[in-house]
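Everything below concerns the one structure shown next.
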Amino acid sequence: MTLMLRHVTIRVSDRAESERFYRTTLAELGIEPTHAGTNLIAWDDFAIIEADGEHPPTRRIHLAFVAPTRELVDAFWSAGVAAGGEDDGEPGERPQYTPGYYGAFLRDPDGNSAEAVIHNDVRRGGHIDHLWIRVRDLDAAVAFYSTVAPHTGLREGRRWENGRQFRGAWATFSLISDGTPPTENLHVAFPAPDERTVQDFHRAATAAGYRDNGAPGERPQYGPGYYSAYVLDHDGTNVESVFSAAGR
């Protein structure tokens, strides 16, 4: 079964400060870095990279990480607050989201919402349980993701007045339009089972009028057998389809 999210990458204004925040909190969930380079550090399907003059920090996302137990949700929150993170919601049950939902919320150094969560249907095979992004025009954003859905494995999930959810294998991705400014400077990658799917993703998006941000092709700088394509969604999020013959 295909996982929904291949990886999520955010730009940060202070690499050292953000690395300290995420190393501290994610370690409590048993999530350790899988790559640490000069500019980028990754925890498998999540990465941070230093912002620069051409690529400002990512703003206004909500990212939730899988916690193995409720006690580790508590530990995530306590470690984050002790490390100087901003409390954005103490550990506790939140049945309004789904039965058995237990989460805790923090603000990272750039003000993004980071959560640790356990519930009855948490993601398996990855660290990111769900991602929420803010959009200017909900219908326009839904149109984009519906266009690429056949090539990314997305399927329609819940609907509410100010939001739409897409589902994958044990993970969700939601679009929120509540009058606040949209998410900025985010990169999201969806896995593809083969090169043809990457090509179809790019063709479908550009034929519908969305902006090309990188034609299908090999990108060995990211690893052997890495084949990908990029388009920009309605709000400028960099959306990638990637097939890696060598695996992650």
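The values are calculated or read from the model by the stated rules, or taken from the named source; none is laboratory data. Values in this document were obtained by computation on a predicted structure and should not be read as measured data. Note: ideal-geometry Cβ built from the backbone for every residue, glycine included; neighbour counts use all protein chains shown. SASA here: full protein model, heavy atoms, side chains in, ligands and nucleic acids out. Shrake-Rupley method; radii C 1.70, N 1.55, O 1.52, S 1.80 Å.
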Hits in region 147-163 - residues which are touching a strand residue (DSSP E or B) at 6+ places or on another chain (Cβ under 8 Å) and either surrounded by fewer than 20 Cβ atoms within 10 Å (Cβ to Cβ) or within 21 Å of residue 122 (Cβ to Cβ) (or both): 149, 152, 153, 154, 155, 156, 157, 158, 159, 162, 163
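Please count how many residues of region 173-198 are within 30 Å of residue 52 (Cα to Cα) and either open to solvent by 20 Å² or more (accessible area, probe 1.4 Å) or assigned to a helix (DSSP H, G or I) (or both).
10
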Among residues of region 229-248, those that are more than 22 Å from residue 55 (Cα to Cα) and modelled with pLDDT of 95 or more, counted: 1
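Out of the residues in region 103-113 meeting the condition of being of a type outside the set (Gly, Ala, Ser) and in a loop (DSSP other than H, G, I, E, B), tell me which one is most open to solvent (accessible area, probe 1.4 Å). Even if it seems obvious, please write down each step before you answer.
First pass over region 103-113, keeping only residues of a type outside the set (Gly, Ala, Ser): 105-110, 112.
Next, from what is left, pick out any that are in a loop (DSSP other than H, G, I, E, B): 108-110, 112.
Numbers: 108: 9, 109: 53, 110: 17, 112: 1 Å².
Once the filter is applied, the top-ranked residue is 109.
Right, residue 192: farther than 19 Å from residue 134 by Cα and of a type in the set (A, V, I, L, M, F, W, C) or not? Show your work before the answer.
Details: farther than 19 Å from residue 134 by Cα: yes; of a type in the set (A, V, I, L, M, F, W, C): yes.
Taking the combined requirement at face value, the residue satisfies it.
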Exclusive hit being of a type in the set (Gly, Ala, Ser), modelled with pLDDT of 95 or more and within 19 Å of residue 132 (Cα to Cα), set 67, 27: 67
Subset of region 170-228 that is among the acidic types (Asp, Glu) and at pLDDT 95 or above - its residue that is farthest from residue 138 (Cα to Cα): 218
Condition met for residue 88 (closer than 29 Å to residue 179 by Cα and touching a residue at least 12 places away in the same chain (Cβ under 8 Å)): yes
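Of all strands (runs of 3 or more DSSP E) completely enclosed by region 1-102, which ones contain at least 2 residues that are surrounded by fewer than 18 Cβ atoms within 10 Å (Cβ to Cβ) and touching a strand residue (DSSP E or B) at 6+ places or on another chain (Cβ under 6 Å)?
Ranges flagged: 40-42, 86-93.
Given the residues 189, 246, 205, which is the only one that is in contact (Cβ under 8 Å) with a residue 40 or more places away in the chain and farther than 28 Å from residue 113 by Cα?
Details: 189 fails: farther than 28 Å from residue 113 by Cα; 246 fails: in contact (Cβ under 8 Å) with a residue 40 or more places away in the chain.
Of 189, 246, 205, the one residue that is in contact (Cβ under 8 Å) with a residue 40 or more places away in the chain and farther than 28 Å from residue 113 by Cα is 205.
Could you tell me whether any residue of region 229-238 is open to solvent by 70 Å² or more (accessible area, probe 1.4 Å), more than 23 Å from residue 10 (Cβ to Cβ) and either of a type in the set (Ser, Thr, Tyr) or in contact with a helix residue (DSSP H, G or I) (Cβ under 8 Å, 6 or more places away or on another chain) (or both)? Give the steps one after another, and end with the answer.
So in region 229-238, the residues open to solvent by 70 Å² or more (accessible area, probe 1.4 Å) come out as 234.
Narrowing further to those that are more than 23 Å from residue 10 (Cβ to Cβ): none.
No, because not a single residue in region 229-238 is open to solvent by 70 Å² or more (accessible area, probe 1.4 Å), more than 23 Å from residue 10 (Cβ to Cβ) and either of a type in the set (Ser, Thr, Tyr) or in contact with a helix residue (DSSP H, G or I) (Cβ under 8 Å, 6 or more places away or on another chain) (or both).
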Pair list, Cβ < 7 Å and 6+ apart or interchain, from region 111-122 residues that are closer than 17 Å to residue 71 by Cβ to residues that are among the hydrophobic types (A, V, I, L, M, F, W, C) and part of a loop (DSSP other than H, G, I, E, B): 116/29; 116/67; 117/67; 118/67; 122/170
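Would you say residue 132 is open to solvent by 40 Å² or more (accessible area, probe 1.4 Å), at pLDDT 95 or above and touching a Ser or Thr at 6+ places or on another chain (Cβ under 6 Å)?
Details: open to solvent by 40 Å² or more (accessible area, probe 1.4 Å): yes; at pLDDT 95 or above: yes; touching a Ser or Thr at 6+ places or on another chain (Cβ under 6 Å): yes.
Here the answer is yes, as residue 132 does meet what is asked.
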Which numbered condition residue 201 misses (of (1) outside any helix (DSSP H, G or I); (2) open to solvent by less than 10 Å² (accessible area, probe 1.4 Å)): (1)
